Structure formats: C-alpha cells, structure tokens
Amino acid sequence: MYQPNLPAATFAVGYMERIVGTYTGSEPGALVVVFGAVHGNEPAGVLALREVFRMLEREPEVNPDFVFRGKLIGLIGNVPALNSGARFIDRDLNRLWTPLNIRRIQQTNPQELQVEDLELSALRDIIHEELLAYQPEAMVILDVHTTSADGGIFCIPSDDKASLRLAKELHAPVILGMLEKLEGTVLHVAAGNHFQTGGYPRYSIGAAFEAGQHDDPRSISHAIAGILNCLRAAGCILQEDLDSRHEFILKSFSEPLPKVTRLMHVHHIRPGDGFCMRPGYANFQPIQQGEHLADDTTGPILSPGEGLILMPLYQPQGTDGFFVVQEIS
C-alpha cells in the first residue's frame, strides 16, 4: 500500500516534505530506504522516487499477481538545500555521518546546530522510527546522486560482499575502494550498522547510485531503473514486475562503460585552494600520467597516474576536485 507524505512522520521544511512516500507490502521483507537529494542540487533521485511510487501504485491494476515483500521509504536528504538548489547550506551532508559527529549532534542544543546537523538528526529519527515500527530482518540503503560532469553512471558499494552483490544488481559500473578514501558518507552508516535499534535490523547493506549529469533528463530514468533494480535485489519485487523503458535506457547507457573499476586517487580540496577544473572532462574519460587536469593557488594540478577520471568538479561547492580510477577484471 502506497502512502504519500505521511504526516505523522514528516519533517516539513520550506515547501518540501522530507518523506516522498512509503510503500508497505503484504508480505514481510527488507526495509529499503532510498535517499534522494542528499546534495540539494541533485533532484533526480527525488523525481525518480515519485515516479517509482506511482508505478507501484499502478502495478496491481496491470499485474493482478503482484506481491510486494517488505517496505520502501523514500526520503529527501537535504530539504533546505534542495529548496535552494545548492549542494549544501553550511556543510556537506554526505560527509557528516561519522560516529563522533553523530554523538556531537545528539549532545548539542538544537538551536546551536547548523542546517545539515539538523537534517542528519531528522533523517536518523525517521529511520529509527521505521525500524522500531517495522522491525525488518535487513535494511537496504540506496543513496541516489548525480554529478556535475557528463559521461557516465556508476554505483559505489559499501565494503562488504553483500553490498557488492547489491551494486552489481543495479546494472551500472561498480567503483571499488571509494569508502577507504572518503569519510562520513551515508554508505559508512550502512556499513557500520549505525541505525541498529532494539536488535533490528539484523544487518544492513548499502550502495550509492550515480545516475548521470545533474541536468540530464536521462538521469531520472537511470535513477528509476536503479531504484527498481535495488527493490529486485532486496527481494521486494520479482524480475518481471514493474517492467519499464527505464531499464533499457540504463543498460544502453552503461554498455560502453567499464564494468568494474577501483579508486586509485582522490584530489581533496581545502578551503582557500581556489580549485578550478580544466574544461571538457567527462566521467570515465582516459587520462595520462602528468596530464594537466586542474589549477589552484599553488599552480597546475597534474594527474598522478594513468587511468580514468571520475567526478571532475564543475560546481562551486565540493570538497573533492576529481577522482582517478582504473579498470579491473
């Protein structure tokens, strides 16, 4: 049963409500939590969630044998930033999910917290309420993003075999080793079971899904397909359920891209660096060792090795200038 924007569990900020919708199946199963707009300038995940909930509502009409197992909840990650069209207001929400930072937020007067601290607190409260009410055996987290650069879609699993299997089922290139170089992402929460409440869930897994470029309409189709594939991998729906054109669009876009790559290098940006990416780079574009990729106050920034560039920064906010990955078998 689809329930849009449940008032009892909604944290309203501005004109957007945090809960996009929920859908509870007639049979027990995993709790699937899908985040959209953890970065506010990435609305594709939210738009995709709305369409997925509409598809789920219509499915029993065209497929009388349809059975949903488990529960899906769709959340807007950073409501004020989405309302503003900005990546974040005070701090990057996708770098705050560390145990130390979570404890700091819990122990601080809410009136003294920054915007993203309050967003994190609201998200944790919603998920804890869902876990206590539904008590699933497993929780699956999917964090939907887009990038400022063109040229590719990919998924990032947390560092466990179950999350890797989930990532492969999303039908997009898989990037390994990303969590080793980053800190405080939503995926770190999934990997560390920080949402465990009252013994539930028994385990949690997660993946981030990068659906394409921020303003590309295809990114919404990619995100829809990624969410549906996540529901299939979690056992909520069958392979033949909710068949749509979106999966064809996703597979067609992914076909020429490398299947699996491993992160080799991240160029981190510090305040005052004046980082500026050189124009024209796209996701998975080959680069050579010593290639002039960007500039900052110290001068040219050269590629540390041969590989493929990923997420070159073409937006004013962000703490990572670019990533370098290498294809593996």
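Here are the numbers for this structure:
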read-out	value
From the options Ile73, Ile102, Ile175, Ile153, residue that is among the hydrophobic types (A, V, I, L, M, F, W, C) and more than 30 Å from Met264 (Cα to Cα)	Ile73
Ile224 being in contact with an Asp or Glu (Cβ under 7 Å, 6 or more places away or on another chain), more than 22 Å from Gly321 (Cβ to Cβ) and modelled with pLDDT of 95 or more	yes
Residue in segment 277-300 that is among the hydroxyl-bearing types (Ser, Thr, Tyr) and touching an Asp or Glu at 6+ places or on another chain (Cβ under 7 Å) present	yes
When residues of segment 227-270 are limited to those that are farther than 30 Å from Phe322 by Cα and among the basic types (Lys, Arg), the one modelled with the lowest pLDDT	Arg245
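The values are calculated or read from the model by the stated rules, or taken from the named source; none is laboratory data. Note that the coordinates shown come from a computational prediction; the quantities given were computed from them, not determined experimentally. All Cβ positions, glycine included, derive from the backbone under ideal geometry; neighbour counts span all protein chains shown.
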